[in-house]
Amino acid sequence: MLANAIAPAVIETPMKATTGPEALAHIISLIPMRRIGRPEEVAELIAWLTSDKISFSTSAVAAPPTDRAVAKPSR
């Protein structure tokens, strides 16, 4: 049985268009690469996870970039 999950941060899609500029700037500041991801980058990850190149793995959770961009609650 194979089980893979992809949980990317902000990706350049129409859904991002509804995010206000201040919120988007904050989210980008939390991403280690300091930029929005591209759909083709996520597609490459999916292609790799479903390829024979990773035949030894039975599961993976990928969260590109490395850290999840999550706003921390204010105190």
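The values are calculated or read from the model by the stated rules, or taken from the named source; none is laboratory data. As the structure is a computational prediction, the values presented were derived from the model and not from experiment. Neighbour counts are summed over all protein chains in view; Cβ atoms, including those assigned to glycine, are modelled from backbone coordinates with ideal geometry. We work out accessible area using only protein heavy atoms, side chains counted, and drop any ligands, DNA or RNA first. Shrake-Rupley method; radii C 1.70, N 1.55, O 1.52, S 1.80 Å.
Checked against (1) open to solvent by less than 80 Å² (accessible area, probe 1.4 Å); (2) in contact with a Gly (Cβ under 8 Å, 6 or more places away or on another chain); (3) at pLDDT 85 or above, Ala43 passes all but condition (2). The set of residues in region 1-38 being under 15 Å from Ala63 (Cα atoms), of a type in the set (A, V, I, L, M) and not in a helix (DSSP H, G or I) consists of Ala3, Ala5, Ile6, Ala7, Ala9, Val10, Ile11, Ile31, Met33, Ile36.
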